[in-house]
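Contents: one structure, followed by commentary.
A short reminder: the numbers here are calculations on the coordinates, not readings from a lab. All values derive from a computational prediction rather than experimental measurement. Note that each Cβ is placed from the backbone with ideal geometry, even for glycine, and that neighbours are counted across all protein chains shown.
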Amino acid sequence: MSDHSKLRDLLFPVALVFGVVIAVLVFPPLGALLGIVAPAPLLFIYLQRGQVVGLILMGLVFAALFVLMSPGQALLFVAEYVVMATIMAETIKARLTMDKCIFLSALGSMTLATFLMFVLFADRETSLTDFFQAQIQEHFNQSLNALESMGEKQADLTAMKEFFEQSSRTFASAYPAFIMVGSLITAAVNFFLVRIVWIKLYGDTLFRREKFSELILPDFLIWGLILSAGSLFLLGNPVGTVGMNLFAMVLLAYLFQGLAILVHILESKKVPKFLWALVFFIIIIQPLLMGLVIGLGIFDIWVDFRKIKQQPTGNIEQ
C-alpha cells in the first residue's frame, strides 16, 4: 500500500469523528443521531493502526471537545465513546465472542458514564433518584422542543407532558436500565458496522467467524424475565426498582435473539438486502412489531425456530 493510501486510510476515520463533533455544535438533534456511530471510527482506527495511534486519536478528539464545548462534555465523551471503543477493540483482539465484546464494552461505558454524570452534574444534597429524574426531565424537554419545531400539535404535546409528569419518578427509577440499554444498542451498532467494513477490506483476519443469525441466549435467562416481571408488582421499594431495571435489560436481550431469528429467516429466504433495511425500519418505528420480535426471542426457548440448538455454537463458520 502506498504512503498516499495509508495517509488516506488514517485521515478518513479522523474526519468522520470531527464531523460528528461539528454536527453536534451546528445542529444538536442531528449530532445526537450521528453520536450513535461515533465510536465506530475510533474503534476502526484502533484496530487498524494499533493501540498507540488509536489512543492518540481519542486524545485529539477529547482536546477538541474540551476547547469547543466544555470539560464536562469532553469527559462524558471519554466515558461513553472512548471507553466503549477501547474495551471493544481489546475484546475483539482477544478473540472473544461477539456477545461478550458488546456486553463488556457497553457495561464499561455505562458504569463510567453514570458515575461521571453524577459527579459532574449532581448537587451534593441530591439523591440518586432525584438526579436521574432531572436528567430525564432535561432529555424530555429537548424531545418536546424537537417535536414542537417539527409541527407537532400543541394538544398532543400537552398530553405527553402531563403523562411524563405523572410517570417521571418511575422512569427515574429505571434510568440505569435506560443507560445500559442505550449503551448496548450503541455497542451492537458499532460492532457490526466495523465488522462489516473490516471484513470487506481485510477479510476474516481479526473478527471471529460468527453469524448473528445463530445467536442463542442461555435458557436460564427466562427466569430473570419471570422474576423481574413479578417484581414490577412491588414498584415503590428497592426490590421493585431493581426488578424494573433487570426487566428492561432482559427484554433487550430477547429483542436481540428475536432479531437473530428474523435475520435467519431473511437469509434462508434470500431476501434482497434493500428489503432488510425496510423490514428493520418498520420494526423500529412500530412498538407492536418490536414486541412481536421480543416474543420470537422468548418462545425460541421452546420452539427452536432455527433448529440449531443441538449444533455447537462456538467458532461458527459463515
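Count Lys and Arg as plus one, Asp and Glu as minus one, and take only other residues whose Cβ is under 14 Å from that of residue 58; the net charge is then -1. Counting beta carbons within 10 Å around each of 88, 98 and listing the fewest first gives the order 98, 88. Computed from Cα atoms alone, the Kirkwood hydrodynamic radius reported for region 219-280 is 13.5 Å. From largest to smallest, the equivalent ellipsoid semi-axes obtained for region 190-318 from the alpha-carbon gyration tensor read 30, 17, 16 Å.
Placing unit charges on each Cβ (+1 for Lys and Arg, -1 for Asp and Glu) gives region 217-313 a dipole about its Cα centre, and among 243, 293, 264 the Cα reaching farthest toward its positive end belongs to 264.
Counting Lys and Arg as +1 and Asp and Glu as -1, what is the net charge of the other residues whose Cβ lies under 15 Å from the Cβ of residue 37? Charge balance near residue 37 sits at 0.
Taking a sphere under 9 Å around the Cβ of residue 260 and counting the other residues whose Cβ falls inside, with K and R at +1 and D and E at -1, yields a net charge of 0.
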